[in-house]
Amino acid sequence: MIIAERKPLEEIKDMVKGYKKVLNVGCGGCTSICLAGGQKEVNTLNADLKKDLSSENIVLDIDAFVIERQCNYDFFEALDEMIANYDAVISMACGVGVQFVAERYPETPVFPALNTVFCGADRDIGWFEESCRTCGECVLAETAGICPVTRCAKGLFNGPCGGTRLDGTCEVDKDTPCAWYEIHKRLQAQGRLENIIKIKPPRQWENQTRRSLVQEDYKQRYIS
Amino acid sequence: MNEIYGLVRGPLALAAIVVFVAGLIFQARRFFSLTSEKPIVLPPASLLGKIEPRSGPSLDAINNSMLGVHPFLTVITTIFHVCLIMLPIFLLAHNVLLYESFGFSLFVFPELVANIITVIVILGGVFFFLRRIFVYRVRAITTLYDYIILLIVAAPFLTGYMATRQWFDYDTMLILHILSGEVMLVAIPFTKLKHGLLFFLYRYLMRYEHSLGSGTRVWSYSKSVK
Amino acid sequence: MADQEKKPVDTAAIAGMLKKKEPEMKRILNYCVHCSICAESCFLYMAHNGDPQYMPSFKVINSLGKLYKKKGNVDREFLEGIKGLVWGNCALCHRCYCPIGIDIPRMIDFTRSICRSEGVYPEQDGGESWL
């Protein structure tokens, strides 16, 4: 799940201050689940903005709307019909949604109300933890399901750095378990310790340029 | 009896056919007015790599299609529908009437073949009826309407078969057959039976994952297609 | 349920939304021949041992279909009732298959938007953690 959190109110306020009629669009997907940009959060933000701006004697005309997913244009029909009524849009979707909205309505300023922070899992209500940085070259098979990119402070691929503390925590931050110590423990429990001996070559880090893909089974439909 | 026969075989038949054809045209036009062409954007060739155009569906696609998931049902329904559509068009008796009214006729089935096809359609109707009653998930969404439609479709074939076999009074059976056929014709464009037309329009023209054709149309009642 | 409004449902507004989309929603819903072939295409149906509540046609007929039958004349309890069908029982993954080509997720999306217009949506932090 993509996890996001709301930007500081001051920052959002500065984005929309000068606009007469604003639409705040929430997303029924990831940002609803991570309690950052769903219907409730859209209403809350609108109330917060109105209250804050009224103390500066600015009356903000802001409406609320939610579409199920801001990363697929199939869900945009209702938004298409209302966009002409607004000077600006706040999107409470993840970075993907904000850009998708902006691309569809290039003449309307679209502002992100959230910072998209990571791909993670739900630990408990409101508590999310990063697990994946979408590097595109998953090594979880060899590391017993523990990601060295997100869990190792130095992003090492070939075993611990030698700075592991005696209690198994990371020398950089003692609240963080040493990822490679955890990997070693788990591989040992699974009887797959030979994986830790395998040398992985330097990573090409291909997640720094824009990626795009067509699933193998669906390539045929695009051959004319 | 003769007056009733004259009525159903004459003006009522013509009226039913006109309503049927006009109704289908109306439904097709409505379909086109509710949808629009959407320009297709292809991904860059670099994303596709070296893919050879395949002539037909892959084995995977077939396994995941209706044929792969419901092979028995797919075969039965295909045979049922093909027979259902072909029989009225290529039946000898209907073509005799066509010739008497308009001076031309089409290719006709031999009578034995026509009888077999009729029985297939009737058995298909029985199959779907039983399926509606005994298959739980079908029963969960079945209403009285579904049974009535099934009856409307089965009636012309049942009465037609009974008429040719001369079971019960022939004249009565014949009039019931013609009347039930007219009811079915009129019902087709205005009930769920219009799926006969829509199946082809949807599956070949609409753009979605399972479309059979190139699929360039999308729902755009609000006409804001980009 | 703290934040969701408790005021009566605006049946006229719902009726308006239903009427506006009638050609593509109600009419297409009427095209459904109730064949149930869509069932196996839904992973939730398969994961719940063939429970018809997860069948795509069932979900739409018993939510949007009922809304149209009642012409929007529903109360909050009804909307809360269909919440389970259109949120809990559907991930909007769009993998469902209809031999006639009916776009079921489109209808589920529309039903959700009707519910949302009346402040009815899953309380993610109240344990209704649906997608």
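The values are calculated or read from the model by the stated rules, or taken from the named source; none is laboratory data. Everything numeric here is computed off the predicted structure, so don't read it as measured data. Neighbour counts are summed over all protein chains in view; Cβ atoms, including those assigned to glycine, are modelled from backbone coordinates with ideal geometry.
Of a type in the set (F, W, Y) and surrounded by 12 or more Cβ atoms within 10 Å (Cβ to Cβ) - does that describe any residue in region B:73-85? Steps first, please.
If we filter region B:73-85 for residues that are of a type in the set (F, W, Y), which is where we start, we get B:80.
Now restrict to residues that are surrounded by 12 or more Cβ atoms within 10 Å (Cβ to Cβ): B:80.
The answer is yes, given that some residue of region B:73-85 is of a type in the set (F, W, Y) and surrounded by 12 or more Cβ atoms within 10 Å (Cβ to Cβ).
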### Message
Could you check region A:68-100 and list, in sequence order, the residues that are touching a residue at least 24 places away in the same chain (Cβ under 8 Å), away from chain B (no Cβ under 14 Å) and of a type outside the set (G, A, S)?
### Response
A:E68, A:R69, A:Q70, A:C71, A:Y86, A:D87, A:V89, A:I90, A:M92, A:C94, A:V96, A:V98
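Counting only residues that are facing chain B (nearest Cβ under 10 Å) and over 13 Å from the mean Cα position of the chain (by Cα), give me the helices (runs of 4 or more DSSP H) lying completely in region C:36-131 with at least 3 of them.
Helices (runs of 4 or more DSSP H) meeting the threshold: none at all.
From A:I197, A:I223, which residue is closer than 30 Å to A:V96 by Cβ and surrounded by fewer than 16 Cβ atoms within 10 Å (Cβ to Cβ)? Lay out the reasoning, then the answer.
Working: A:I197 fails: closer than 30 Å to A:V96 by Cβ.
Testing whether each residue is closer than 30 Å to A:V96 by Cβ and surrounded by fewer than 16 Cβ atoms within 10 Å (Cβ to Cβ) leaves just A:I223.
Of the residues that make up region B:43-57, is at least one in contact (Cβ under 8 Å) with a residue 12 or more places away in the chain and either out of contact with any Lys or Arg (no Cβ under 7 Å at 6 or more places or on another chain) or of a type in the set (A, V, I, L, M, F, W, C) (or both)? Before the answer, list the steps.
So the first thing to find is which residues in region B:43-57 are in contact (Cβ under 8 Å) with a residue 12 or more places away in the chain, and the list is none.
So far as region B:43-57 goes, no, none of its residues is in contact (Cβ under 8 Å) with a residue 12 or more places away in the chain and either out of contact with any Lys or Arg (no Cβ under 7 Å at 6 or more places or on another chain) or of a type in the set (A, V, I, L, M, F, W, C) (or both).
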### Task
Name the strands (runs of 3 or more DSSP E) wholly inside region A:94-139 in which the number of residues that are in contact with a Cys (Cβ under 8 Å, 6 or more places away or on another chain) and crowded, with 18+ Cβ neighbours inside 10 Å is 1 or more.
A:114-124, A:127-132
### Summary
Of the residues in region A:179-203 that are assigned to a helix (DSSP H, G or I) and of a type in the set (A, V, I, L, M, F, W, C), the one that is nearest to the chain's Cα centre (by Cα) is A:A179
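Can you list the helices (runs of 4 or more DSSP H) lying wholly within region B:38-157 that have 3 or more residues being within 14 Å of chain C (Cβ to nearest Cβ), within 30 Å of B:F190 (Cα to Cα) and not charged (D, E, K, R)?
Working: elements: B:45-48, B:59-64, B:66-69, B:71-90, B:92-102, B:111-134, B:136-139.
So the answer is B:71-90, B:111-134.
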### Message
Of everything in region B:187-206, what is under 13 Å from C:C32 (Cα atoms), hydroxyl-bearing (S, T, Y) and more than 8 Å from chain C (Cβ to nearest Cβ)? Give them in sequence order.
### Response
B:T191
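Look at A:Y105 and say whether it is within 14 Å of chain B (Cβ to nearest Cβ) and either modelled with pLDDT under 95 or under 19 Å from A:E206 (Cα atoms) (or both). First the steps, then the outcome.
On the way: within 14 Å of chain B (Cβ to nearest Cβ): yes; either modelled with pLDDT under 95 or under 19 Å from A:E206 (Cα atoms) (or both): no.
No: the conditions fail for A:Y105.
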#### Entry: Residues located in region B:15-37, provided they are part of a strand (DSSP E or B) and under 16 Å from the mean Cα position of the chain (by Cα)
none
## Note on the structure
With criteria (1) more than 30 Å from B:E3 (Cα to Cα); (2) basic (K, R); (3) surrounded by fewer than 16 Cβ atoms within 10 Å (Cβ to Cβ), B:R165 comes up short on (1)
### Summary
So the helices (runs of 4 or more DSSP H) completely within region A:5-63 holding 1 or more residues that are in the same structural domain as A:F100 (by TED's automatic domain parsing) and among the hydroxyl-bearing types (S, T, Y) are A:30-33, A:39-54
### Message
Pairs please, first residue from region A:199-224 and facing chain B (nearest Cβ under 9 Å), second anywhere and exposed (fewer than 10 other Cβ atoms within 10 Å of the Cβ) and basic (K, R), Cβ atoms under 9 Å, 6+ apart in sequence or on different chains.
### Response
none
### Query
If you scan region A:53-66, which residues turn out to be surrounded by 16 or more Cβ atoms within 10 Å (Cβ to Cβ) and at pLDDT 95 or above?
A:I62, A:A64, A:F65, A:V66
### Task
Scan region C:22-60 residue by residue and report those that are surrounded by fewer than 22 Cβ atoms within 10 Å (Cβ to Cβ), basic (K, R) and touching a residue at least 24 places away in the same chain (Cβ under 8 Å).
C:K26
### Count - residues of region B:168-194 that are within 30 Å of C:M25 (Cβ to Cβ), surrounded by fewer than 20 Cβ atoms within 10 Å (Cβ to Cβ) and not β-branched (V, I, T)
3
### Message
Being in contact (Cβ under 8 Å) with a residue 40 or more places away in the chain and either assigned by TED's automatic domain parsing to the domain that holds A:V25 or assigned to a loop (DSSP other than H, G, I, E, B) (or both) narrows it down to one residue among A:E142, A:E171; which is it?
### Response
A:E142
### Query
Can we say B:V108 is β-branched (V, I, T) and more than 16 Å from the chain's Cα centre (by Cα)?
yes
